[in-house]
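Q: Structure provided below as structure tokens; questions to follow.
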Amino acid sequence: MNKNKPRVLILGAGFGGLTAAIALAKIAKVTLVDRHNFQTFLPLLYQVSTAGLAADHVAYPIRGALRGLPIEFRMGSPISINHRDKSVKLDSSEEIDFDHLIIALGSATADFGIPGVTEHALGMKTIHEALTIRAEVMRRFEDLCRFNDDTKLGIVVVGGGPTGVEMAGALAELIRGPLKGDHSHAAANINISLVEAGERLLPALHPSLSTRTLRDLEKMGVQVLINTAVAEVAPRIIKFKDGAQIGAEITIWAAGVRGVPILEQLNIPLNRGRIDSDQTLQVKNYPYIWAIGDNSGSVDENGNPYPMVAPVALQQAKFVAHQISQLIQGKDLKKFKYRDKGAMATIGRHKAVVEVKGLRISGFIAWGIWLFLHLFYLLGGRNKIGTIADWSWNYLTFDRGNRHIMDTL
């Protein structure tokens, strides 16, 4: 019976790829490929960076997620697509044949061509990057502890979207709580700044929530700079387009994402860094290839690309599974329509903002909603229990027990 099922190869086991694999398991012979053997829960990476969570609480083994399902997994990265034979070659030299190919390779940090970002800023896309940020913050803190003068440590987060806001708020809490308890003089000399090129923070949310977010961050001691575009990131300094500059011993780049660079090697049409796709989510001129999530360049009915966020990837994954099912049954394909279920961001203890279909919530209730939803979508019972334990400890003790520098021997 299996030999009559179409062969579906999925590149990437993030939110979109893993969801698509599970949705297709009953109707296709599915092979899932990822360069890691685990999936990273990206929305909580910033908490690893700021010592709020252990790294293994945001990683879940892919084979564990696939256990009991007729899905093959291969650890590797694609290096080429053979359109004639419908196969993909991996860096392991293995070639995998397919009838349908789903590309869900995720995104990478976008530097927008700004000089110095790649060399001097820290990204926020992988566990390794999160641990690097944590180690750098703690190492610089330990340096401050050796001095009794007013030597300052400037930490600058660039990007006023949810990731930047959450990172800035978490850093402020780390300094005001655990680091102050460790060495009050050193903690008092750490300055946190958040830089946003646009006119307000969290532009996807209502302006009133942006204002609330700005006010909460400033109360927590974060210097917020809006309408401030970065011109260059240099060692220990960020230069702005208006000629001003700010000290930045640590620069954390949360200003945007783009399709992963590997897309440029796969011999498929690209448009502004994303795969040129129809509203059916099929790649243009290649109807047997589908692009979802951050890789899809499909646009909505107004011609706008979809945001590069997890809810889009999840909905497109289920949609593509349905599309392939339609083809198997000889039925017509449909056009993808994104159902925006709202957006949210947490700022700190009892501080968050949520907007769902015109309903705007802030403060303690929004914070509780944020906690529940992130815990709900986190994979694995062990990860959920570990996260609850870390969160509970942090909440009850105002401490963060993951303040380790673990990038050196």
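Q: Among (1) aliphatic (A, V, I, L, M); (2) part of a helix (DSSP H, G or I); (3) surrounded by 13 or more Cβ atoms within 10 Å (Cβ to Cβ), where does residue 365 come up short?
A: Only one criterion is unmet by residue 365, namely (3).
Q: Now for a separate question. Scanning the range 202-252 for residues that are under 25 Å from residue 341 (Cα atoms) and crowded, with 17+ Cβ neighbours inside 10 Å, which turns out nearest to the chain's Cα centre (by Cα)?
A: Among them, the one singled out is 202.
Q: So which residues in the range 111-122 are touching a helix residue (DSSP H, G or I) at 6+ places or on another chain (Cβ under 9 Å) and either at pLDDT below 95 or over 24 Å from residue 39 (Cα atoms) (or both)? Outline the logic, then answer.
A: Keep residues of the range 111-122 that are touching a helix residue (DSSP H, G or I) at 6+ places or on another chain (Cβ under 9 Å), which gives 111, 122.
Once the filter is applied, which keeps residues that are touching a helix residue (DSSP H, G or I) at 6+ places or on another chain (Cβ under 9 Å) and either at pLDDT below 95 or over 24 Å from residue 39 (Cα atoms) (or both), the range 111-122 yields only 111.
Q: Quick check on residue 72: is it touching a Lys or Arg at 6+ places or on another chain (Cβ under 9 Å) and either touching a residue at least 12 places away in the same chain (Cβ under 8 Å) or in a strand (DSSP E or B) (or both)? Outline the logic, then answer.
A: On the way: touching a Lys or Arg at 6+ places or on another chain (Cβ under 9 Å): yes; either touching a residue at least 12 places away in the same chain (Cβ under 8 Å) or in a strand (DSSP E or B) (or both): yes.
The answer is yes for residue 72.
Q: Here's a follow-up. If I ask for residues that are assigned to a strand (DSSP E or B) and not aliphatic (A, V, I, L, M), which ones from the range 81-117 would you list?
A: Of everything in the range 81-117, those that are assigned to a strand (DSSP E or B) and not aliphatic (A, V, I, L, M) turn out to be 82, 87, 89, 95, 97, 100, 107, 109.
Q: Output yes when any residue across the range 95-111 is more than 18 Å from residue 16 (Cβ to Cβ), without any contact (Cβ under 8 Å) to a residue 40 or more places away in the chain, surrounded by fewer than 23 Cβ atoms within 10 Å (Cβ to Cβ) and of a type in the set (S, T, N, Q), and no when none is.
A: There is no residue in the range 95-111 that is more than 18 Å from residue 16 (Cβ to Cβ), without any contact (Cβ under 8 Å) to a residue 40 or more places away in the chain, surrounded by fewer than 23 Cβ atoms within 10 Å (Cβ to Cβ) and of a type in the set (S, T, N, Q).
Q: Being touching a residue at least 12 places away in the same chain (Cβ under 8 Å) and farther than 30 Å from residue 301 by Cα is the filter here, so list the residues in the range 331-367 that pass it.
A: Matches in the range 331-367: 346, 347, 348, 349, 350, 351, 352, 362, 363, 364, 366, 367.
Q: Taking the range 169-222, which residues are touching a residue at least 12 places away in the same chain (Cβ under 8 Å) and of a type in the set (Val, Ile, Thr)?
A: 175, 190, 192, 195, 213, 222
Q: Now for a different question. Among the aliphatic types (A, V, I, L, M), in contact with a Leu (Cβ under 8 Å, 6 or more places away or on another chain) and under 29 Å from residue 276 (Cα atoms): is that true of residue 44 in this structure? Even if it seems obvious, please write down each step before you answer.
A: Details: among the aliphatic types (A, V, I, L, M): yes; in contact with a Leu (Cβ under 8 Å, 6 or more places away or on another chain): yes; under 29 Å from residue 276 (Cα atoms): no.
Here the answer is no, as residue 44 does not meet what is asked.
Q: A follow-up question, please. Tell me whether the range 182-197 contains one or more residues that are in contact with a strand residue (DSSP E or B) (Cβ under 9 Å, 6 or more places away or on another chain), outside any helix (DSSP H, G or I) and of a type in the set (Gly, Ala, Ser). Please lay out each step first, then the result.
A: Filtering the range 182-197 down to residues in contact with a strand residue (DSSP E or B) (Cβ under 9 Å, 6 or more places away or on another chain) leaves 186, 189-197.
Subsequent filtering for residues that are outside any helix (DSSP H, G or I) retains 189-197.
From the residues that got through so far, the ones that are of a type in the set (Gly, Ala, Ser) too are 193, 197.
Within the range 182-197 (the criterion being in contact with a strand residue (DSSP E or B) (Cβ under 9 Å, 6 or more places away or on another chain), outside any helix (DSSP H, G or I) and of a type in the set (Gly, Ala, Ser)), the answer is yes, since at least one residue qualifies.
The values are calculated or read from the model by the stated rules, or taken from the named source; none is laboratory data. Computed from a predicted model, the values in this text were never measured in an experiment. Here Cβ is always computed from backbone atoms with ideal geometry, including for glycine, and neighbour counts include all displayed protein chains.
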